[in-house]
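A short write-up of the structure that comes next.
Where a number appears in this text, it was derived from the coordinates with a stated rule and is not lab data. This is a predicted model, so every value here is computed, not measured. Here the Cβ positions follow ideal geometry from the backbone for every residue, glycine too, while neighbour counts run over all protein chains shown.
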Amino acid sequence: MKSLLLLICGTAILSGRPVIGQQFYNTWFYNYNWVWEGGAGAGFMNCLTDLGGRKGNGGRFLKDIDWRSTKPAVSAYLTATYKDVLSLKLDHQSGNISAADSVLKRTDPDPGGRYGRNLHFRSRIHEWQLSVETHPLFWKLTDESEIPFWSPYILAGISLFSFDPEAKIGGTWHKLHPLRLEGQGFSEYNGRKPYRRKQLSIPLGVGLRYETGPLFNVKLELSYRILFTDHLDDVSTSYIDATLFATYLDASQAEVAKHLYNRMGEIQPGRSFSVGEQRGSDKNNDAYFSILLKLGYVFRSRVK
């Protein structure tokens, strides 16, 4: 059945024509102008940051995605749809992201590049997303008997998300935001302000919906977030003077910060570096994306 559905979907997309023939509205259920839908989904999240990635100096989106860093994600949503064309959706998503320079050991083991930097992070993402969806196949549809089983859609909106990057020493994970590893808030680095762990983003996405009947549908959805921060992984600029940690942090935090801000020596013992040497790049902001399979229930009234 799974292979058959994939074959039908592929045929519909390649032929450029929707698979049509539903007639359940007039027969079984009322089709009001506005309908409500609720549902849940599961899939995965991944991210694009300064860390990890693929061979070379890195790039944007597909060029630098490391699929090995894929982590699970879940979703729950509520949608109000007008005439099957335009939807307003409130969606809560939660998932994990991570990246590590160590993944480049086999593909790009240059000790002077990202592999030699030897940094890593993980973070939990919680997101509330308000978006608008539109279904192009319904823009000029006038006959309810021609409602397509398969319907592509696009979405855009705004979201509030939270993140909290961590890194590990031995078997213990430490939160990176309080350690200010790149001198955030230090007077010696006046331009580096502490970043906020709750921020806004712009989600953009595409999806494909399959109508299983009048009450249920299945959707496959890709949503990419445009962020306004380069600190999703706590890496953005350059190495600072490590002696300053003792000035701005308590003793235990300063000791942890000295271990985490520069880890090149763990794979290159004795390697020297200078204050101000590049640690990350602030030319491009970080990003994350999700791919979810969703099951929706549509609240309709049955014809009596």
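How large is the Kirkwood hydrodynamic radius of the stretch 65-201, in angstrom, based on all distinct alpha carbon pairs?
So the Kirkwood estimate lands at 18.9 Å.
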P(r) tail for the stretch 34-299, what percent of Cα pairs lie past 33 Å? 32 percent
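So between Lys83 and Ala246, what do we pick up on full extension, going 0.36 nm a residue minus the alpha carbon distance?
On the way: separation 163, 0.36 × 163 = 58.68 nm, distance 6.21 nm.
Length gained, Lys83 through Ala246: 52.5 nm.
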Can you list residues whose amide H is under 5 Å from Asp66's amide H, if they're 5+ apart or on another chain and H is modeled 1.01 Å from N? Gly53
As an exercise, identify the trypsin sites (Lys or Arg not before Pro) in the stretch 221-298 lying in DSSP coil whose Cβ has no more than 13 other Cβ atoms within 10 Å. Arg271, Lys283
With N denoting the number of residues in the stretch 147-304, provide Rg(C-alpha) divided by 2.2 N^0.38 Å, to two decimal places. 1.51
What distance in nm separates the simple spin-label points at Arg68 and Trp36, each placed 7 Å from Cα in the Cβ direction? 4.7 nm
Measuring from label point to label point, each 7 Å out along Cα→Cβ, what is the Ala156 to Arg302 span in nm? 4.2 nm
Furthest towards positive pole of dipole, Gln184, Leu155, His135, structure part the stretch 34-299, Cβ charges: Gln184
Over all Cα pairs of the stretch 127-195, how is the pair count split among 10 Å bins, expressed in % and running from 0 up to the last occupied bin? 15, 22, 20, 15, 13, 12, 3
For Ile125, residues with placed amide H under 5 Å, excluding near neighbours: Gly95, Asn96, Ile97
